[in-house]
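J.: Starting off with a structure, shown below.
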Amino acid sequence: MHINVGHCAPYGAVLSLTLMAAHNWRALRYKLQTYGIADPMALPSLHSVLDHMEVLALESFQSDNPQRDKVDRDQFVTRLYRPDPPLTATAAVKGVKALPPPPPDGFDAAETRKSFAAFARAL
């Protein structure tokens, strides 16, 4: 069974967690220090920081109503990991088809293949 989890740019969950991490940096940094991570830049990737931000966000759903907390956590995760809209969509206005912007110079498919081929030859 294949589930579409939105694996296309701009990765909505990554953007959301990045904004949350920036907004809650002091709390996140304290949380990392409690795990023995004194320097967040020593983590292997940004995704490690975002994983800790997700844990911090999920831990924030605590009240005197555990059932409501579970519903809130489930809704948060559902919103966070919902699939991104497709890159090509039909606009509701005048039936105009909305297309993604063209790639910047040097990033079209042919140029990208040439760059990878040149890199592979250099190895």
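The values are calculated or read from the model by the stated rules, or taken from the named source; none is laboratory data. Remember, it's a predicted structure, so these values are computed and weren't measured experimentally. Positions of Cβ are backbone-derived with ideal geometry, glycine not excepted, and every protein chain shown enters the neighbour counts.
J.: Hey, can you tell me all the residues within segment 36-59 that are small (Gly, Ala, Ser) and surrounded by 13 or more Cβ atoms within 10 Å (Cβ to Cβ)?
T.: Those that are small (Gly, Ala, Ser) and surrounded by 13 or more Cβ atoms within 10 Å (Cβ to Cβ): Ser48, Ala57.
J.: Quickly run through segment 20-58 and pick out the residues that are closer than 15 Å to Leu80 by Cα and of a type outside the set (Gly, Ala, Ser).
T.: Selection gives Met20, His47, Leu50, Asp51, His52, Met53, Glu54, Val55, Leu56, Leu58.
J.: Considering only residues of segment 35-74 that are within 19 Å of Ser16 (Cα to Cα) and either in contact with a Gly (Cβ under 8 Å, 6 or more places away or on another chain) or part of a loop (DSSP other than H, G, I, E, B) (or both), which is modelled with the lowest pLDDT?
T.: So in segment 35-74, the residues within 19 Å of Ser16 (Cα to Cα) come out as 40, 45-61, 72-74.
Then drop every residue that is not either in contact with a Gly (Cβ under 8 Å, 6 or more places away or on another chain) or part of a loop (DSSP other than H, G, I, E, B) (or both), which leaves 45, 60-61.
Values: Ser45: 86, Ser60: 92, Phe61: 92.
Within segment 35-74, the match that is modelled with the lowest pLDDT is Ser45.
J.: Can you run down the residue pairs with Cβ atoms below 9 Å, 6 or more apart or on separate chains, where the first is in segment 75-87 and farther than 15 Å from Leu17 by Cα and the partner is in a loop (DSSP other than H, G, I, E, B) and modelled with pLDDT of 90 or more?
T.: Matching pairs, first to second residue: none at all.
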